[in-house]
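What follows is calculated from the coordinates using simple rules that are stated; it is not laboratory data. Computed from a prediction, not measured in an experiment: that's the story for all the values here. Note: ideal-geometry Cβ built from the backbone for every residue, glycine included; neighbour counts use all protein chains shown.
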Amino acid sequence: MATRTVSKQPVVEDQGTEERQGRDPDFTVLLRQQPERGVDGKLYRSKNMTPVGVAWRSEKIDEKTGEMVEYIGVKAHIKFEVGEEGLLLRTYRKRSDAA
């Protein structure tokens, strides 16, 4: 009968919660959900919004004109297409840990 040797498991150190560098986003990017079909069979505009990313407001001087230009940079969390209604930017609110 063959004997098996068990190798030691590597020790995993608990890294805890790491403080993230950077700043909180200025906006949450929302996209309207697909239209819903009503009881009568017609399509109705959905009131539900899905969060698809976050956005930051920043300013930069335009090299050609020298004036200050405001930009909004978006980081998408999921892949999405912008429809004819566009996107909604809602002021970002931090999640509360007391949920």
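Below are the figures for this structure:
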| quantity | calculated |
| --- | --- |
| FRET efficiency estimate (nearest 0.05) - Cβ-Cβ, Lys42 to Lys75, R0 41 angstrom | 0.65 |
| Added length on full extension, which subtracts the Cα-Cα distance from 0.36 nm per residue, Met49 to Glu67 | 2.9 nm |
| GluC sites (Glu not before Pro) restricted to region 34-99 and DSSP loop, no more than 15 other C-beta within 10 Å | Glu63, Glu67, Glu81, Glu84, Glu85 |
| Proximal lysines to Lys75, defined as alpha-carbon separation beneath 22 angstrom and excluding residues fewer than eight positions away on the same chain | Lys60, Lys94 |
